[in-house]
1. I need the calculated FRET efficiency for the pair Arg35 and Ala130, taking r as the beta carbon distance and R₀ as 22 Å, to the nearest 0.05.
2. Among Ala141, Gly360, Val290, which residue has its Cα furthest toward the positive end of the charge dipole of the chain, with +1 on Lys/Arg Cβ and -1 on Asp/Glu Cβ?
3. Contour minus end-to-end for Glu85 and Glu215, with contour as 0.36 nm per residue of separation and end-to-end as the Cα-Cα distance?
4. Would you report the distance distribution of C-alpha pairs in segment 88-183 as whole percents per 10 angstrom bin, up to the bin with the largest distance?
5. Under the rule a/c < 1.5 gives rounded, and otherwise a/b versus b/c splits prolate from oblate, where does segment 254-309 land using the Cα gyration tensor?
6. Over the chain, with every protein chain in place, what whole percent of the accessible area is carbon and sulfur at 1.4 Å, could you tell me?
7. Which one is right for this structure if volume of the Cα convex hull per residue in Å³ is calculated from it: (i) 165; (ii) 148; (iii) 117?
8. When the helices in the chain are scored as -39500 (n - 2.57) per DSSP H run of 4 or longer and the sum is shared across all residues, what 222 nm value do you end up with, to the nearest 500 deg cm²/dmol?
Amino acid sequence: MNDIGVRDAGVTEVDVVVIGAGQAGLSSAYHLRRRGFEPERDFVVLDHAPRPGGAWQFRWPSLTYGKVHGMHALPGMELTGADPERPSSEVIAEYFDRYEQRFDLRVRRPVDVHRVSEGGGGRLLVATSAGVWSTRALINATGTWDRPFWPRYPGQDTFRGRQLHTAIYPGPEAFRGRRVIVVGGGASGTQHLMEIAPYAAATWWVTRRPPVFAEGPFDEDRGRAAVAMVEERVRQGLPPLSVVSVTGLPVNDAVRKAREDGVLDRLPMFDRITPTGVEWDDGRHVEADVILWATGFRAAIDHLAPLRLREPGGGIRMDGTRAAADPRVHLVGYGPSASTIGANRAGRAAVREIVRLLEGSPVAV
């Protein structure tokens, strides 16, 4: 392991830098510890959030732990006894905090990573708000929460009502008596609609494509098929698809009732936004007070731009967790590993490959 420590010019040398302390980053740090890497000496975890909890700490209060689908425990420590009525932002943040302490991961926060660039001698330079690290390998676990996607439509800037994104969704009470358009065919859009409908004066659901509702359990076979589809895209250097675009919208009793009540009656995407609502080219229009963009997120990887990893298709071509263009760089929580169980497995796989890299000859880049 590295024992060089701090060099001159304020650059600290380590073997591995982990960027992000959500599920994927903590899983990676855990597996580094298991392989004998010491935090602060051999690796460092950098997180820009103000406290433990990853993106979960920013979720809306009405998303209680009982409504969370498929939260998989971090490796080595189960999440037990959680009150399903408590906000998931509190339950999971507390769990992540206990996890960091249990395994002595020493996450540094808040630290903003500005860029990752070539550092010479086979090393990468990670420039941050807290200094510069020189590293032999990088695990990028920055997720998507910091890059909400806002589509652009004609007239959008003229709308006199309120526009907001899932990233700052305040809960259903804020929409009492309002006429609300929810844009987006994913799980967040349907959850928002079902929450808002009892409070709002009226709601409309607008999506680019007709939604696909998936009946039956999301079993292992369906899970493998979904992962395989996403893996094929990132192998080709294309941006990852959203989960729902691969799996469909899971149907439960609440969704069935919402469909029966007309809450989930979908309209095609409008053509323009007006000062008072939205319009379609066929003459239809809707008057609204709020447009809620439940349009998803994009991978937060702009800090990797100096490494020129993106392919012409817009994504990073992957070989497992490793960027095909640079074996020093691993992306966890990206593409097929963008789920809680996938992030755990990706953290283990990335560390296994990094150990091989560090034990071998210098990498040719």
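The values are calculated or read from the model by the stated rules, or taken from the named source; none is laboratory data. Remember, predicted model here, so these are calculated numbers, not experimental data. So basically every Cβ, Gly included, is an ideal-geometry build from the backbone, and we count neighbours across all protein chains shown. These area figures cover heavy atoms from the full protein model, side chains too; ligands, DNA and RNA do not enter into them. Shrake-Rupley method; radii C 1.70, N 1.55, O 1.52, S 1.80 Å.
1. Numbers: r = 25 Å, r/R0 = 1.14.
The calculated FRET efficiency here is 0.30.
2. Result: Gly360, furthest along the dipole toward the positive end.
3. Details: separation 130, 0.36 × 130 = 46.80 nm, distance 2.59 nm.
Answer, rounded to one decimal: 44.2 nm.
4. Histogram of Cα-Cα distances, whole percents per bin: 10, 26, 26, 22, 14, 2, 0.
5. Working: a/c = 3.16, a/b = 1.65, b/c = 1.91.
In terms of gyration-tensor shape, oblate.
6. On the way: 8560 of 17370 Å².
Heavy-atom surface of the chain belonging to carbon and sulfur, 1.4 Å probe: 49 percent.
7. (ii)
8. When only DSSP H runs of four or more count, the value is -7500 deg cm²/dmol.
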